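The values are calculated or read from the model by the stated rules, or taken from the named source; none is laboratory data. Since this is a predicted model, take the numbers as computed values, not measurements. Note that each Cβ is placed from the backbone with ideal geometry, even for glycine, and that neighbours are counted across all protein chains shown. Please note that ligands, DNA and RNA were not included when accessible areas were found on the heavy atoms of the full protein model with its side chains. Shrake-Rupley method; radii C 1.70, N 1.55, O 1.52, S 1.80 Å.
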Amino acid sequence: MTVEGFPQYTGIFDSHAHYDDKRFDADRETLAAALPEEGVCAVVNVGCDLPSSRTSAEYAERYPHFYAAAGYHPHAAKEFTKEGLDEIAALLQRPRVIALGEIGLDYHYGLETAALQQRMFERQLQLAKELDLPVIIHSREATEDTLAILKRYPGIRGVIHCFSGSAETAKVLLGIGWYIGFTGVLTFENARKTLEACRAVPPERLLLETDCPYMAPAPFRGKRCWSPMIARTAEKAAELHGLPVQVMIDKARENTMALFGIKAIS
């Protein structure tokens, strides 16, 4: 099962994954069981709507190295209801559901209006504040509105996942207390802006993630991604910060645990 060509790093925490995706239907159980032997100690499986949030909570109970997040992605804005949010709130009461997400804004496809996305985003931020839980933010082509909304909710903690913004935007987010998550995009040939952003994020505020099955790093770009491939992202982040790779993996794991309030990996 070992990913060909990977050194054997340990203690990898994949802070953002989607193992409920249909691309894992054929071998999900096998892959989940294999993660510890591949050096992956923990995974956060992240919901994007009510069904995937339910499934993520189920995985967190089924697999001892899984945690879950529950929430409505901006692409699910038309499915958002008060009853659905109430169920998300109930899922967040489970001990291994450790964050509200992924939530945020995405203007790339124009699938839902900005106003509808913003209302849903703010309602979920209000819930996170009420429950005192961290959030996982998705922001695509919506930087100005994302920042404006987050600034209205001081004290909420969280991560901007799969960060695609500039170094300047990263510095603004760091200034208001946020963590920044990086995927295999760091290894892409055209990733100059992302590399500059990663350099601007101190190791103490950096999370590593796959967003699997998406964002497979080079040399696996275009293939199905899974958690051990974080090794390639960690190698690039370590190079940018002048750190040994295992040190970068360890720092990212510690950051992930601190953000999500995980005291020990079970």
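See the values below:
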| read-out | value |
| --- | --- |
| Test set (1) in contact with an Asp or Glu (Cβ under 8 Å, 6 or more places away or on another chain); (2) open to solvent by less than 20 Å² (accessible area, probe 1.4 Å); (3) at pLDDT 95 or above - Val3 fails condition number | (3) |
| First in the range 96-110 and among the basic types (Lys, Arg), second anywhere and modelled with pLDDT under 95 and open to solvent by 20 Å² or more (accessible area, probe 1.4 Å), Cβ under 9 Å, 6 or more apart | Arg96/Ser266 |
| Residue within the range 79-100 that is hydroxyl-bearing (Ser, Thr, Tyr), surrounded by fewer than 19 Cβ atoms within 10 Å (Cβ to Cβ) and more than 22 Å from Trp226 (Cβ to Cβ) present | yes |
| Options Lys82, Lys22, Lys78: the member that is among the basic types (Lys, Arg) and modelled with pLDDT under 95 | Lys78 |
| Where a residue in the range 251-265 is buried (at least 22 other Cβ atoms within 10 Å of the Cβ) and its partner, wherever it lies, is part of a helix (DSSP H, G or I) and not aromatic (Phe, Trp, Tyr), with Cβ under 6 Å and at least six apart | Lys251/Pro203 |
| Per-region count, the range 72-124, residues within 19 Å of the chain's Cα centre (by Cα) and of a type in the set (Val, Ile, Thr) | 4 |
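Here's the yes/no breakdown for (1) crowded, with 18+ Cβ neighbours inside 10 Å; (2) outside any loop (DSSP other than H, G, I, E, B); (3) among the β-branched types (Val, Ile, Thr):
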site	(1), (2), (3)
Leu111	no, no, no
Phe121	yes, yes, no
Glu130	no, yes, no
Ser139	yes, yes, no
Thr146	yes, yes, yes
Ile149	yes, yes, yes
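Yes or no, residue by residue, for (1) in a helix (DSSP H, G or I); (2) within 18 Å of Asn255 (Cα to Cα); (3) not β-branched (Val, Ile, Thr):
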{"position": "Cys41", "(1), (2), (3)": "no, yes, yes"}
{"position": "Cys48", "(1), (2), (3)": "no, no, yes"}
{"position": "Ser52", "(1), (2), (3)": "yes, no, yes"}
{"position": "Glu58", "(1), (2), (3)": "yes, no, yes"}
{"position": "Tyr67", "(1), (2), (3)": "no, yes, yes"}
{"position": "His75", "(1), (2), (3)": "yes, no, yes"}
{"position": "Ile88", "(1), (2), (3)": "yes, no, no"}
{"position": "Gln93", "(1), (2), (3)": "no, no, yes"}
{"position": "Leu100", "(1), (2), (3)": "no, yes, yes"}
